[in-house]
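Reviewing the structure listed below.
The values are calculated or read from the model by the stated rules, or taken from the named source; none is laboratory data. All of these numbers come straight from a predicted model, not from anything done at the bench. Glycine also receives a Cβ, built like all others from the backbone with ideal geometry; neighbour counts cover every protein chain displayed. To get the accessible areas, we keep the full protein, side chains included, count just its heavy atoms, and leave off ligands, DNA and RNA. Shrake-Rupley method; radii C 1.70, N 1.55, O 1.52, S 1.80 Å.
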Amino acid sequence: MHRLAPTLLLSLAAASCGGATHDDDADAVGGVDALEATAQTQALLSIVNDVTRGAVGAEMAAAVAAQNTAGAFLPSGCVQATSAGATVTYTLNGCAGAYGLASVSGTLRATFSEVTPSGRTVALSGELQANGLTLRPDATAQVSFMGSSRMASVTVMGTGTTPRPSAFAQSGSYMSTWDGACLGLTGRVSNTASSGGAVTVDITNFRRCRGGCPDAGGRVTVTSARGASVTLTFNGAATATLSGSRGRNLPVRLYCGS
């Protein structure tokens, strides 16, 4: 998945040129933070699950994940992992990875359950720096397996700090799918920041494959506590349409594809 923050920052700039207020700007920035934190957390969750390589037991999953971690992050040597019981602890230093993971440093812990007929539960925690954000994720995912694909129902809590700086707290739930090449998200995350009010970010049918742009039909809507909203709708190319509660429709360039 591509980095979402640059996309929404461009949207914010476009909205500001169209006469948005300071409150509109703060709302959009809050949406950026919530979406970027969600994207980075989901990328980590996907990678952590990918490297378990079919392990059934909880302690075995942690051991296998620690053993296979080196090949999941770049550059070589940027991560160390150790397992204890059902928990694997990662120490990352400037790591990148699949699903849009970029420039991540810090400590991440993943705790696995046994595999049951309904799948496995994975819990994430830690403190990380990612794309300029400090993240303290608190996420629990119920992961089910469909051949080489994965599906998860994810509940997220957590706090963090933006580069501005602004402290934020987020919560919500979403469904995710991934298969090593493509990742999809649908759900709702709320964000409350010290530099602005509360916003809700609704992600609908967002899907992107490695090296490509978001699939047509996906959209992201940021809604403030005052009821104002902006929506970014994807068309399958390197542009999207930004529409707002004031009736504006603006083209937005995306950082994706060639």
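Could you give the dipole magnitude of the chain about its Cα centre, charging the beta-carbon of Lys and Arg +1 and that of Asp and Glu -1, in debye to the nearest 20?
The calculated dipole for the chain is roughly 380 debye.
Give the Debye-formula value of log10 I(q)/I(0) at each listed q (0.17 Å⁻¹), with one equal scatterer per alpha carbon of region 117-258, two decimals each.
The calculated log intensity ratios at q = 0.17 Å⁻¹ are -1.17.
Just to be sure I understand the model, the point goes 7 Å from the Cα along the line to the Cβ. What's the resulting ALA198 to ALA169 distance in nm?
The answer from the label model is 1.0 nm.
Helix-derived [θ] at 222 nm for the chain: sum -39500 (n - 2.57) over DSSP H runs of at least 4, divide by residue count, nearest 500? Don't skip to the answer; put the middle values down first.
Details: 3 runs with 53 residues, N = 258.
Only helices count here, giving -7000 deg cm²/dmol.
Using a 7 Å offset from Cα along Cα-Cβ at GLN142, what residues in region 78-120 end up with backbone N under 19 Å from the label point?
Output list for this probe position: 111-120.
Helix by helix through the chain, keep the DSSP H runs that span 30 Å or more along the axis on Cα and average at least -0.5 on Kyte-Doolittle, and give those back in order. Could you put the intermediate results ahead of the total?
Details: long enough: 22-50 (42 Å, -0.07).
Helices passing the filter in the chain: 22-50.
With a 1.4 Å probe and every protein chain left in place, work out the accessible area per residue of the chain in Å², rounded to a whole number. Provide the component values of the computation, followed by the final result.
Numbers: 10800 Å² over 258 residues.
Normalised by residue count, the accessible surface of the chain is 42 Å².
What's the carbon and sulfur percent of the chain's accessible surface, probe 1.4 angstrom, rounded to a whole number? The partial results should precede the final answer.
Working: 5840 of 10800 Å².
C and S fraction of accessible area: 54 percent.
Starting from the Cα of ARG109, step 7 Å along the direction of its Cβ; do the same at ARG253; then give the gap between the two resulting points in nm.
According to this spin-label approximation, the distance is 4.4 nm.
Relative to a virtual label point 7 Å from the Cα of ALA70 in the Cα→beta-carbon direction, which members of region 84-114 show backbone nitrogen distances below 19 Å?
Flagged as within label range: 84, 88-98.
Over all pairs of distinct alpha carbons, what does the Kirkwood formula give as the hydrodynamic radius of the chain, in Å?
Working: mean 1/r = 0.0542 Å⁻¹.
Across the chain, the inverse of the average 1/r is 18.5 Å.
Just grab the label-to-label distance for GLU127 and SER149, each label 7 Å out from Cα along the Cβ direction, in nm (one decimal).
Here the answer is 3.9 nm between the modelled labels.
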